[in-house]
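The values are calculated or read from the model by the stated rules, or taken from the named source; none is laboratory data. It should be emphasised that the depicted structure is a prediction, and the values quoted were computed from it without experimental measurement. A quick note on method: Cβ atoms are made from the backbone with ideal geometry, for glycine too, and the neighbour counts reach across all protein chains shown.
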């Protein structure tokens with residue numbers, strides 16, 4: 001059975017190194033399985049889909065989302081955002097994998113934006129926000145940052161909404177501060193921002209985006225977004241296979257023929273170009289940190305490689321227990337005691353380090369991804385995992401139902 005992984009089970013992330021002081025050139029792709037899911041039981045297969053700017057606009061939805069300001073008022077676009085009143089947007093299920101905010105302009109002094117708070121509809125129960133008006137046909141995709149809905153008067157097309165409003169309200173460029181567009185996700189202390197942009201284009205991309213927030217100063221004209229289901233008809237191209245760094249097959253895993261060589265190459269390709277700030281703590285800023293070479297990353301991995309290899313052998317060779325039940329016992333130095341270490345969760349936790357993650361077959365750098373303006377690269381990571389109902393639990397298993 002093939003399923004789309006929920007966020008609690010597997011996260012796949014990618015970041016373009018453009019503008020980074022430390023990342024090697026290219027798109028850095030990572031897969032982060034949760035300890036509940038455990039290590040894959042076969043190499044991961046990674047496919048890539050690249051959409052140019054025109055295709056992104058052709059596939060994008062121009063469906064409005066539900067906007068609510070910090071005072072609980074539902075809003076309809078266009079609306080103004082002020083520093084004391086951020087606005088949160090809620091996307092319909094299943095959420096987006098790419099979303100762009102159209103906005104960033106604000107009215108000239110003395111010109112007020114109309115009140116766009118949406119009056120509720122009372123239906124004999126709780127207050128239900130009035131649904132937004134349907135938008136018209138999209139504008140041809142020459143300009144990727146212009147709002148798409150149109151205004152109609154009878155059967156006559158009046159023009160693009162953004163153009164009409166700019167003409168009638170006298171909107172100007174972004175003032176001091178501007179807008180900030182963020183993705184929100186649940187955490188132990190409530191919703192928190194996991195990524196954001198403060199300059200145009202206001203674009204966010206991720207595995208699952210269902211809540212966004214706009215703060216700062218400016219006007220929101222609308223959004224356009226892509227959901228996973230919008231890509232069903234697209235043709236994905238195989239990119240790479242990521243294997244655990246084994247020299248031979250184990251009872252619980254068969255690696256690729258050159259798994260060890262491939263792991264070393266991933267480490268060298270993704271090696272940081274500067275030393276991290278926790279090592280270069282006297283550097284005044286990240287761009288001043290000393291230069292690093294791929295050999296530095298290789299040495300870092302080599303310092304823990306013996307432990308990683310031993311843990312992999314124990315987890316993949318011991319058939320008497322489930323992989324998450326395999327442990328290692330250590331004496332506590334200076335005390336009369338011992339500590340039992342669960343191996344598989346620590347292997348997965350080790351992969352959070354980017355160099356170790358690439359060594360363990362949970363990430364790589366795409367140096368061949370197209371870099372044209374407005375294009376979108378999407379990565380699909382597929383793998384096979386052992387079915388462990390006791391470890392997953394009944395409630396989480398419900399999220400795996402097709």
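Each residue in the range 1-24 was checked for being at pLDDT 90 or above and out of contact with any strand residue (DSSP E or B) (no Cβ under 8 Å at 6 or more places or on another chain), and 1 pass. Looking only at residues in the range 281-309 that are within 23 Å of residue 268 (Cβ to Cβ) and assigned to a loop (DSSP other than H, G, I, E, B), which one is farthest from the chain's Cα centre (by Cα)? Looking at residues that are within 23 Å of residue 268 (Cβ to Cβ) and assigned to a loop (DSSP other than H, G, I, E, B), I get 290.
Scoring residue 38 on the criteria (1) part of a loop (DSSP other than H, G, I, E, B); (2) touching a strand residue (DSSP E or B) at 6+ places or on another chain (Cβ under 7 Å); (3) buried (at least 20 other Cβ atoms within 10 Å of the Cβ) leaves a single failure, condition (2). Residue count for the range 83-102 under the criterion of being in a strand (DSSP E or B) and closer than 25 Å to residue 51 by Cβ: the result is 8. Count of the range 310-329 residues, restricted to those that are free of Cβ contacts under 8 Å to residues at least 24 places away in the same chain, part of a helix (DSSP H, G or I) and either touching a helix residue (DSSP H, G or I) at 6+ places or on another chain (Cβ under 8 Å) or within 20 Å of residue 247 (Cβ to Cβ) (or both), is 1. Do you know which of the residues in the range 332-352 that are in contact (Cβ under 8 Å) with a residue 24 or more places away in the chain and part of a loop (DSSP other than H, G, I, E, B) is farthest from residue 313 (Cα to Cα)? The extreme case among them is 352. Is the range 253-262 home to any residue that is part of a loop (DSSP other than H, G, I, E, B), under 30 Å from residue 373 (Cβ atoms) and touching a strand residue (DSSP E or B) at 6+ places or on another chain (Cβ under 6 Å)? The answer is no; no qualifying residue exists. Condition first: touching a helix residue (DSSP H, G or I) at 6+ places or on another chain (Cβ under 9 Å) and either part of a loop (DSSP other than H, G, I, E, B) or over 30 Å from residue 258 (Cβ atoms) (or both). Can you find one or more residues in the range 45-55 that meet it? For the range 45-55, residues touching a helix residue (DSSP H, G or I) at 6+ places or on another chain (Cβ under 9 Å) and either part of a loop (DSSP other than H, G, I, E, B) or over 30 Å from residue 258 (Cβ atoms) (or both): present.
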